[in-house]
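The values are calculated or read from the model by the stated rules, or taken from the named source; none is laboratory data. Because the structure is a prediction, the values reported are computed rather than measured. Methodologically, a virtual Cβ is constructed for each residue, glycine included, from the backbone with ideal geometry; neighbour enumeration extends over all protein chains shown. In case anyone asks, the SASA skips ligands and DNA or RNA and just uses the protein heavy atoms, side chains included. Shrake-Rupley method; radii C 1.70, N 1.55, O 1.52, S 1.80 Å.
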Amino acid sequence: MSALFLAINPIALKLGPLEIRWYALCIVAGVVLAVWLAMKEAPRKKIKPDDMLDFILIAFPIAIIGARLYYILFDFGAYRQNPAEIFAVWHGGLAIYGGLIAGAVTLFIFSYYKLIAPLDFLDIAVPGVLVAQAMGRWGNFFNQEAFGKAVKSLDYLPSVIKNQMYIDNSYRTPTFLYESSWNLVGFALVMSLRHRLKALKSGDVLAFYLVWYGLGRFVIEGMRTDSLMLGPIRVSQALSLVLIVLGIILFLIHHKVSKYFLNKP
């Protein structure tokens, strides 16, 4: 039997007219784990765990809206012909960068009203964001999206992944898996080092995230065949470069490395 016929049904559960998709379950599971991690870490920064919970209850729907609007903005032609699909988020079409931007804006506003240092808040959030992104990419797996070019074989992967990556009569590069793995490695690094390195300052975990995620996304985005484009430019690659630069600047400012170099003869 062709691997095409072994593809996983994107609908995990159907109750009458209600459909629960694997895509949604992956996102929700990632968010739940992210919130739990943030609430466990919050007391170290003298932040109330309940503040983290309050924030996610506000930020999660806003981030979903931001992720959807971002995706639609750069692929508006496809939705102009079928406006009803604009609201069908269960079919996929959520751009991580849109969610991150919307979430970051919400965080700064929330921090202002709660009198919480934004950098401390972001440092707490980073591990959860990484693991949520890693889990969310598996939603792309179930939806058979966010893949790369056709390849001859995926025999190095378990059959369940290989079969699901058989799309349009070809095996496809599993870029979702690469990005998920990259984020998990970043998560492991943050969790193992953030309390051991005494030289870390407020904002360093955020700086690491900006550079780590930016580097991984820049490379992996170049492998994808469904990138959002602005002319000849892959939008996510351009934003990845911005993240990398911001992360480096943040680290240099906090550690005054830039001042050291400027004072060199």
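The residues on offer are ASN143, ASN183, and the sole one that is open to solvent by 20 Å² or more (accessible area, probe 1.4 Å) and touching a residue at least 40 places away in the same chain (Cβ under 8 Å) is ASN143.
Set side by side, the residues VAL219, VAL151 differ, and just one is open to solvent by 10 Å² or more (accessible area, probe 1.4 Å), over 30 Å from LEU250 (Cβ atoms) and at pLDDT 95 or above, which is VAL151. Looking only at the range 186-197, which residues are at pLDDT below 95 and exposed (fewer than 14 other Cβ atoms within 10 Å of the Cβ)? Passing the criteria: SER192, LEU193, HIS195, ARG196, LEU197.
Based on what the data block shows, is SER153 of a type in the set (Gly, Ala, Ser), over 20 Å from LEU210 (Cβ atoms) and free of Cβ contacts under 8 Å to residues at least 24 places away in the same chain? In short, yes.
Residues checked against (1) touching a strand residue (DSSP E or B) at 6+ places or on another chain (Cβ under 9 Å); (2) modelled with pLDDT under 95:
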residue	(1), (2)
SER2	yes, yes
ALA7	yes, yes
PRO10	yes, yes
GLY16	no, yes
TRP22	yes, yes
VAL28	no, yes
TRP36	no, no
LYS46	no, yes
MET52	no, yes
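Selection of first residues in the range 46-70 that are more than 17 Å from LEU115 (Cα to Cα) and of second residues that are of a type in the set (Phe, Trp, Tyr) and surrounded by fewer than 14 Cβ atoms within 10 Å (Cβ to Cβ), restricted to Cβ pairs under 9 Å at least 6 apart or on distinct chains, gives the following pairs, ordered by first then second residue: ARG68/PHE87.
Just one of the listed residues (LEU200, LEU206, LEU210) is among the hydrophobic types (A, V, I, L, M, F, W, C), open to solvent by less than 80 Å² (accessible area, probe 1.4 Å), touching a residue at least 60 places away in the same chain (Cβ under 8 Å) and under 26 Å from LEU122 (Cβ atoms), and it is LEU206.
Residues in the range 9-23 that are open to solvent by less than 70 Å² (accessible area, probe 1.4 Å) and over 23 Å from the mean Cα position of the chain (by Cα): GLY16 only.
For the range 213-233, the candidate set comprises residues that are assigned to a helix (DSSP H, G or I) and small (Gly, Ala, Ser); within that set, the residue that is farthest from ALA134 (Cα to Cα) is GLY214.
Where residues in the range 24-68 are of a type in the set (Lys, Arg) and part of a helix (DSSP H, G or I), which of them is least open to solvent (accessible area, probe 1.4 Å)? Among those that are of a type in the set (Lys, Arg) and part of a helix (DSSP H, G or I), it is ARG68. If you go through the range 207-228 and keep only what is in contact with a Leu (Cβ under 7 Å, 6 or more places away or on another chain) and β-branched (Val, Ile, Thr), you end up with nothing.
When the range 65-82 is limited to residues that are farther than 20 Å from ARG224 by Cβ and among the aliphatic types (A, V, I, L, M), the one that is modelled with the lowest pLDDT turns out to be LEU69. On the given criteria, is GLU85 acidic (Asp, Glu), in contact with a helix residue (DSSP H, G or I) (Cβ under 7 Å, 6 or more places away or on another chain), modelled with pLDDT under 90 and part of a helix (DSSP H, G or I)? For GLU85, the condition - acidic (Asp, Glu), in contact with a helix residue (DSSP H, G or I) (Cβ under 7 Å, 6 or more places away or on another chain), modelled with pLDDT under 90 and part of a helix (DSSP H, G or I) - is met.
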